[in-house]
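Undergrad: Below is one structure. I have some questions about it.
The values are calculated or read from the model by the stated rules, or taken from the named source; none is laboratory data. Since the structure is predicted, the reported quantities are computational estimates derived from the model, not experimental observations. Cβ: placed from backbone, ideal geometry, glycine included. Neighbour counts: every protein chain shown.
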């Protein structure tokens, strides 16, 4: 028998394995994706001017249909990445998409939409970013999926890619569309 | 000695306010509350900075919100509750003690206890 006792190896070994498990787990964590406490809560009250006309847009506009609320800005490079997909969703799949134009120059926003196309049925202008804070937005783009009752059911942080839409969002949107209002 | 002193100063220097906005408070107490709150709230963009030190534009907006709420007479707890209801416990540097965070709070003490027991048994055997 060697001079190192068995029990002197097992404990460090267990600790070592535990640390490895924790570190391994840590590699796959995404601390930049902060879960929203607003999931399954009604969209907070807001009333904002519309970008394209003189009407007002409020949280009541979510009632009656499933809505994708997309927080975007012209200064946000990642927002441009998802733009084509949003257009495709609006035109081909008839998804109702609202925009929240976040801390942007309204004229720049209008120009941007003229140039690249407009996937949004309604666009609310949040120049100060206060409504975004009420929604718990901490970066653009973010997309909320809001059900027929105006309740937030999901939030996607970052650009929506075709992969994200197919594998994460589409089924949820279809399911919500089939819920009674 | 000089080097040692320098090292000590370096290690224990207090973080300076990086944010350069100016806020008008009607009294010192409000100012202190603002400082304490923003020091203990986490910036969501640059996650290892607090609201007071972060230069992110969201942090500036959140500082503004905290300021407005203090001025309008809300209590610290009301302000914290508002921010937690929007961003979750993540915004707190000091997570609350509840069933979800039990392991987080109690874990270090448990490990310490195990260590003490282990040490005691190891020493007794000698």
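Undergrad: Report, by residue number, each residue of region A:49-66 that is without any contact (Cβ under 8 Å) to a residue 24 or more places away in the chain and closer than 28 Å to residue A:179 by Cβ. Full working, then the answer.
TA: Of the residues in region A:49-66, the ones without any contact (Cβ under 8 Å) to a residue 24 or more places away in the chain are A:53-56, A:58.
Within region A:49-66, A:55, A:56, A:58 meet the criteria.
Undergrad: While we're on this one: Can you name the residue in region A:74-87 that is under 17 Å from residue A:169 (Cβ atoms) and free of Cβ contacts under 8 Å to residues at least 40 places away in the same chain and is also surrounded by the most Cβ atoms within 10 Å (Cβ to Cβ) among such residues? Let's see the steps before the verdict.
TA: Of all residues in region A:74-87, those under 17 Å from residue A:169 (Cβ atoms) come to A:78-79, A:81-87.
In the following step, the residues that additionally are free of Cβ contacts under 8 Å to residues at least 40 places away in the same chain were identified as A:83-84, A:87.
On the way: A:83: 20, A:84: 13, A:87: 16.
Per the stated criteria, the residue is A:83.
Undergrad: Further, regarding this structure: For region A:88-130, name all the residues that are without any contact (Cβ under 8 Å) to a residue 12 or more places away in the chain and within 14 Å of another protein chain (Cβ to nearest Cβ).
TA: A:130
Undergrad: Of the residues in region A:118-139, how many are farther than 29 Å from residue A:179 by Cα and within 11 Å of the chain's Cα centre (by Cα)?
TA: The qualifying residues number 2.
Undergrad: Then there is this: For region A:1-117, list the strands (runs of 3 or more DSSP E) that sit wholly inside it and hold at least 3 residues that are under 18 Å from the mean Cα position of the chain (by Cα); which are they? Full working, then the answer.
TA: Numbers: elements: A:47-49, A:56-58, A:67-72, A:96-102.
Filter on region A:1-117 gives A:67-72, A:96-102.
Undergrad: Within region B:98-116, is there a residue that is under 24 Å from residue A:152 (Cβ atoms) and more than 10 Å from every other protein chain (Cβ to nearest Cβ)?
TA: Checking region B:98-116: at least one residue is under 24 Å from residue A:152 (Cβ atoms) and more than 10 Å from every other protein chain (Cβ to nearest Cβ).
Undergrad: Is it the case that region A:61-73 has a residue that's in contact with a helix residue (DSSP H, G or I) (Cβ under 7 Å, 6 or more places away or on another chain), surrounded by 13 or more Cβ atoms within 10 Å (Cβ to Cβ), under 14 Å from residue A:102 (Cβ atoms) and more than 13 Å from chain B (Cβ to nearest Cβ)? Even if it seems obvious, please write down each step before you answer.
TA: Going residue by residue through region A:61-73, those that are in contact with a helix residue (DSSP H, G or I) (Cβ under 7 Å, 6 or more places away or on another chain) are A:66, A:70-73.
With surrounded by 13 or more Cβ atoms within 10 Å (Cβ to Cβ) added as a condition, the list becomes A:66, A:70-73.
From what is left, the residues that are under 14 Å from residue A:102 (Cβ atoms) are A:70-73.
From the residues that got through so far, the ones that are more than 13 Å from chain B (Cβ to nearest Cβ) too are A:70, A:72.
Checked against the condition, which is being in contact with a helix residue (DSSP H, G or I) (Cβ under 7 Å, 6 or more places away or on another chain), surrounded by 13 or more Cβ atoms within 10 Å (Cβ to Cβ), under 14 Å from residue A:102 (Cβ atoms) and more than 13 Å from chain B (Cβ to nearest Cβ), region A:61-73 yields at least one hit.
Undergrad: Identify all residues within region B:1-41 that are surrounded by 11 or more Cβ atoms within 10 Å (Cβ to Cβ) and modelled with pLDDT under 90; write none if there are none. Spell out the reasoning first.
TA: Within region B:1-41, the subset surrounded by 11 or more Cβ atoms within 10 Å (Cβ to Cβ) is B:17-19, B:23, B:25, B:30-41.
The answer is B:17, B:18, B:19, B:23, B:25.
Undergrad: Taking residue B:100 as meeting all but one of (1) farther than 26 Å from residue A:39 by Cβ; (2) in contact with a helix residue (DSSP H, G or I) (Cβ under 9 Å, 6 or more places away or on another chain); (3) loosely packed, with under 11 Cβ neighbours inside 10 Å, write down the number of the exception.
TA: Against the list (1) farther than 26 Å from residue A:39 by Cβ; (2) in contact with a helix residue (DSSP H, G or I) (Cβ under 9 Å, 6 or more places away or on another chain); (3) loosely packed, with under 11 Cβ neighbours inside 10 Å, residue B:100 comes up short only on (1).
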